[in-house]
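The values are calculated or read from the model by the stated rules, or taken from the named source; none is laboratory data. Keep in mind that what you see is a predicted model, and the values were worked out from it rather than measured. Every residue, glycine among them, receives a Cβ derived from its backbone with ideal geometry; neighbour counts consider all protein chains shown. Ligands, DNA and RNA are excluded from the accessible area calculation, which covers all protein heavy atoms including side chains. Shrake-Rupley method; radii C 1.70, N 1.55, O 1.52, S 1.80 Å.
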Amino acid sequence: MSDERMLPRTPRQAAIDCAAVFAVMLAATLSFGPVFGGTAYLVAGLGGAILGIAVGVATSLRPLRGWLMTAAGFVLALVVFGPALAVPRRTIAGVIPTLEGWRELLLGVVFSWKGLLTAEPPAEGFPSLLVVPFLTTLLCATVATVLALRLDRGAPFAMVPGIVALLVGIAFGTKIAFWPAALGALVAGVILAWCAWRRATWRTGLNEEVEVTNDSRFRVKARKQRARGAIAMIAGAMLVAALVSIPVQPASRAVLRDAVEPPIELAEYPSPLAGFRNWHKNFEDETLLTVSGMPEGARLRLATFDYYDGSVFAVAGSEQASGSGSFARIGDEVLVAQSGEPVSVRVEVQDYSGIWVPDVGYMQSLAFEGERAAGLQGSLHYNGQTGTAIALDGLGAGDAYELQAIVPPQPSHEELEGVPITRVQVPEPAVVPDLLQAWVSQHGAGGQSAFENLETMLRLMNNGSFSHGLEGDIPSLAGHGAARIQDMFDQEVLLGDDEQYATAFALALSRINVPSRVVMGLYPDDGFSGSSEPVELTGGDVHAWVEVPFEGHGWVRFDPTPPEDNDEIQPEPEPQPEPKPQVLQPPQPPEEPAEMSPDTVADEGQEEDDEEPEDRSWVIWLWVAGGVLLLLLLLLLPFIVVGALKAARRKRRRRAERESDRLSGGWHEVVDEAVDLGLAVPAGVTRREVARAVADRYPRSRATDIGDFVDEGVFGPGEPDPADVDAFWLDVERSVQGMRAEATPRARLLGRLSMRSFARRRRERRRR
């Protein structure tokens, strides 16, 4: 076989090797389907696989052979084709790379892995996340192709990178698998068939060299029979494996995203319900939002709260058990299955500001507009269970967006008669005021069902008195801390606004074991008419209500706040006489917080701490430094591996048991160094002829003298003196250093990575 071709494969054999690698990479790419959706991941994954195979083939040809050239080809393919395949939105016409595209690609090499685990499927619309399938298949296909073309008997190891790529697709995916039985059968079948074929070609090559039999017709016929039998056995095994795997598939699929917490900690942001009174005091008549396309009776949702800590209602953190989901990054689409009316709503922001993105129903997609669109889109997170969205960059005047959503129907209270309440797990409130517990004991325990008790308490609260506590209103403190709610039930007539009534109703429901959550949002007092005409929402349109889950209906809203015209009922200033009513039996275990924050909230809302936020920029630099070190390690890995193999070989030769073997090992060390430096050493000739060829190219090698000394020591009488052999090895080391000094810098660098000497030794052993 000519040295100008891929060694030791023929073009036909190399084509079959590449086809096997591509088939496994196809399965690995398809495993990313559930987490990405669409087709962009196929372009990225299969494009990376084709590029990796091309790099492996090119760097297995003699002019470019070597691990250093393979690493250089990998980096070149990543930089040149990566933007078009992995970050097409940052290219010109989807093909020509830009500086922004290269920047996003290189950052994605480091950050996209965690980003994919914390992104809400489908992840296709996220910037740079396509880097994961592209980089996985590019790297694994490159390594697999190189191993397949350069290894002979150890060819099965070439399928290990393909299996790694498949495992990456599974681990970074979702609990929903993409035809796991079919993919498993495909990968197993391809690997088994390819390994069997490689072993057969290897054995055929040995037989042709040794000429086991002269009956070529018999050999061809036997070979065809074995091939047909192997194909039938493999096909049968694949079919049986696919059928058997269907009933034995695990019910729960473990993936990495289950172990990764979403990168959002809402405890860092104040609860918007704490600033409820501020919207009515300072923005009563100011336009916050202009909304178009809202269906009749719908409401804009700002935030959903399910945990009461005694001071504020907030979104449950990771330390509380919650049935209200979590926030995750979303792309162009949201996979939330809901029944209801599909709507298209456009929102324009005027005087509203904050991280909470007003939305309606359950979002299917959201697209920002304007100059800040890219930043807002990149910081968008969504909770599919509560239908709540946040943008960490924060909304402000001039922002706009259009969302597609599903608005579920809201049943009437009559339709809920006899419908069971869904037992959703929500966090228990840390504190429930005693007077509220007594009120529930008196008014919320006499019905025949939980829904009847709910209706009774709702009706009593609707008969209370309403006040924002503003100028001209009945005096009413803001806030919804435990002391404020205790004071509310310490009066003859309930008094407050949405903030207090929604909190009190949710806490009352918790006492009768009805799960609930508080929602803050916007809607006109007369409701949306369903017109497509724009509707301006002011600070006076900010409200709060309570939602309760019912089987077959989902979360249904209830409005415990009395009408705003219930402002003529004057509450008694004196508290109810002692003794106070008894609490529910058995009483709730007393839970006293270490330190209660003030129960009242100023009209302007709670102020954030004056402390400067902690500088976390060092984390980014740490990731960047880690990425650079990882890239350097990948580039240096071939030098480390090849150097270790040659050092082990040199040590084995120098410490051989017989002195004559040590002499032969030293000679082989000189010849192998010449081969790795690029010298075409003739095969099947005497040591003297080999020494002449090496000495002609590298005079400082003293190859002729070393060869003569070895011939005398190996073929002479007796064993050479150990001291002479030790001195001989010093000459070998000087010879190797002399050849390196005479070689060009490029030849020296490639010689460090060259494995030609190992291949030459294998061919010599096979020839012998």
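Using a 1.4 angstrom probe with every protein chain in place, what is the largest-first accessible-area order of Asp559, Asp490, Asp434, Asp676?
Asp434, Asp559, Asp490, Asp676
HN-Hα J couplings of the stretch 387-395 from phi, Karplus 6.51/-1.76/1.60, θ = phi - 60°, integer Hz, Gly and Pro as x?
Once θ is set to phi - 60°, the couplings for the stretch 387-395 become x, 10, 10, 9, 10, 5, 6, x, 6 Hz.
List the extent of the Cα atoms of the stretch 40-96 along each of their three principal axes, largest first, rounded to whole Å.
Here the Cα extents, ordered largest to smallest, are 37, 19, 13 Å.
Could you give each residue of the stretch 704-711 its phi-based ³J(HN,Hα) in whole Hz, using Karplus coefficients 6.51, -1.76, 1.60 with θ = phi - 60°, and x for Gly or Pro?
Ordered by residue, 3J(HN,Hα) equals 5, 4, 5, x, 4, 4, 5, 4 Hz.
Using a Förster radius of 30 Å, what is the FRET efficiency between Arg688 and Ala644 based on their Cβ-Cβ separation? Nearest 0.05, please.
On the way: r = 33 Å, r/R0 = 1.09.
Efficiency at R0 = 30 Å is approximately 0.35.
Whenever you get a sec, line up Glu455, Glu284, Glu719, Glu657 from highest to lowest accessible area (probe 1.4 Å, protein heavy atoms). Could you put the intermediate results ahead of the total?
Details: Glu455 45, Glu284 75, Glu719 105, Glu657 180 Å².
In descending accessible area the options line up as Glu657, Glu719, Glu284, Glu455.
Amide H of Leu494: which non-local residues (sequence gap of 5 or more, or other chain) have their own amide H closer than 5 Å, using H built in the peptide plane?
Ser465
Remind me, relative contact order of the stretch 675-733 in percent, using alpha carbon pairs under 8 angstrom and six or more residues apart?
Numbers: 27 pairs, mean separation 12.4, N = 59.
Relative contact order of the stretch 675-733: 21 percent.
Which whole-Hz ³J(HN,Hα) couplings does the stretch 692-703 yield from phi under the Karplus relation 6.51 cos²θ - 1.76 cosθ + 1.60, θ = phi - 60°, glycine and proline marked x?
So the Karplus estimates, Gly and Pro as x, are 5, 5, 5, 5, 4, 7, 10, x, 6, 6, 6, 5 Hz.
Between the stretch 5-56 and the stretch 458-518, what is the separation of their alpha carbon centroids in Å?
First find each Cα centre; the distance between them is then 64 Å.
Across all directions of projection, what mean area in square nanometres is found for the Cα convex hull of the stretch 660-724?
Working: hull surface 17.7 nm².
The Cα convex hull of the stretch 660-724, projected and averaged over all directions, gives 4.4 nm².
What does the charge add up to near Glu100, with Lys and Arg as +1, Asp and Glu as -1, over the other residues with Cβ less than 15 Å from its Cβ? Present the calculation step by step, with values, prior to reporting the outcome.
Working: positive: Arg89, Arg90, Arg103; negative: Glu104.
Result for the local shell: +2.
Suppose each label sits 7 Å from its Cα in the direction of the beta carbon; what would the Arg734-Thr287 distance come out to in nanometres?
So the label points at Arg734 and Thr287 sit 9.3 nm apart.
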